[in-house]
1. Among the listed pairs Lys18/Lys328; Lys75/Lys244; Lys10/Lys328; Lys35/Lys141, which are separated by more than 28 Å between their Cα atoms?
2. Order of 252-262, 169-179, 214-224, 51-61 by packing, highest average Cβ count within 10 Å first?
3. Where a Cα-Cα gap under 18 Å defines reach, which lysines qualify for Lys317, not counting those fewer than 8 residues away within the same chain?
4. When only DSSP loop residues count, what chymotrypsin sites (Phe, Trp or Tyr not before Pro) in the range 1-64 have their Cβ near at most 15 other Cβ atoms within 10 Å?
5. Specify the residue with the greatest mean-square fluctuation among Gln17, Gln303, Gln38, computed from a Gaussian network of the chain linking alpha-carbon atoms under 10 Å apart.
6. Can you tell me the order of 4-15, 349-360 when each peptide is scored by its average per-residue count of other Cβ atoms within 10 angstrom, highest first?
7. How far is the Cα center of the range 170-189 from the Cα center of the range 31-100, in Å?
8. Using mean Cβ contacts within 10 Å as the protection proxy, how do 270-277, 242-249, 156-163 order, highest first?
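Derivation of every value follows stated rules applied to the coordinates shown; laboratory data play no part. Please read these numbers as outputs of a predicted model, since none were measured by experiment. With ideal geometry, Cβ positions are generated from the backbone for all residues, glycine too; neighbour counts draw on all protein chains shown.
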Amino acid sequence: MRFNVEAIRKDFPILSQKVNGKQLVYLDNGATSQKPQQVIDAIANYYKELNANVHRGVHTLSQLATDAFEEGRAKIQQHINAKESYEVILTSGTTHSINIVANGFSNMLKDGDEILISALEHHSNIVPWQMLCERTGATLKVIPMNLEGELVMDDFDSLLNSNTKIVAVNHVSNALGTINPIRYMIAEAHKVGAAVLIDGAQSVAHIKPDMQELDCDFYTFSAHKICGPTGTGVLYGKEEWLNKLIPFQGGGEMIKEVTFEKTTYADLPYKFEAGTPNIAGVIGFGAAIDYLNAIGMNAIAQQEEEILKYATAELLKIPELKIWGTSKEKVSVISFNVGNLHPYDIGTILDNSGIAVRTGHHCAQPIMNFCEIPGTVRASFSFYNTIEEVDLLVKGIVKAQKMLN
Ligand SMILES: *Cc1c(COP(=O)(O)O)cnc(C)c1O
């Protein structure tokens, strides 16, 4: 069946809006995706029909809410092929998930241990590790990148050693779209006994990750980048590792028994889920996964690949436009600059035409420093974007170029 983008767009109420008097062209999917009616309905229906706290009441509503919440977890488990549902920890998002892991290692590291991250990381996969290093005396090492926006694997090989305790890299770079060779990196890291965390925040919208096949120790992502609501996300962890980590937050839900002398922690996954969770969010998360699977992740990847090819070719026709991130393996994210024009100025003129792009450092300042640029304009495409929207983007950039030169 042919991918019917017009039918799909009808599922997203926001896409028919006008912005600044112009039809909205939403090309900031790397920051957050739009939400289909199915997800909005799932959240609204929870509040209309099921609202109650989970895991505590004997009353009917509480049990129904608990079932719906746990069904959300089960959908996530199936989607990422995690072995056990309790290996899926529900968090507020990728940032929260990475912080749980970085904090969890606090009493497992010492002076001389090393944590290996990469030059392509989002700040949320840099700062928690720096904080962990400060607490423990461990050292942060960084796998360098090249000017194509790829990680240098020779350097990865030589940085990896028996002191490496954690390797934390993203699956896909949010700033440049590069797909990193994580299968190789996971296998090599395991040879030296390091735990591997993959930040999947930017990949799950494009690639369905398989936990058992990837064999990573942790995988993190946020619902809001895959058509789900904000404020909810996942920390997948292998059971053996999750059992070793100390809990991040204390409170209700995460305990077995509390006395003033000593508290024992609940079993997985609740040990990492202190407090009332984002019940509506998790239900919406499950609805988003159902939505994506009804279209099919392969169909989505194909459609985005077509848009990426077309947009790359059309953008490169613009004089002085330079694309940052030219890895052969990349998703539908295009970061670029036009001559010496400031990304912010281009973004502002595009916005006047109803076109939403991201400008700046994309929470990845080290990449911008390496490329010696203040930032880029980033157009990040989703399966609901069209060829016509790419044409409008190109027209908008040419217009900006004329106005600013
Ligand atoms: C968006 C993003 C994050 C942060 O996700 P939050 O939802 O803001 O916590 C981390 N890493 C990458 C690669 C991202 O794209």
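1. Lys18/Lys328; Lys10/Lys328; Lys35/Lys141
2. 169-179, 214-224, 51-61, 252-262
3. Lys309, Lys395, Lys399, Lys402
4. Those satisfying the criteria are Phe3.
5. Maximum fluctuation in the GNM of the chain, among the listed residues, is at Gln17.
6. Descending packing order for the listed peptides: 349-360, 4-15.
7. Taking the Cα centre of the range 31-100 as reference, the centre of the range 170-189 is 28 Å away.
8. Result, highest mean Cβ count within 10 Å first: 270-277, 242-249, 156-163.
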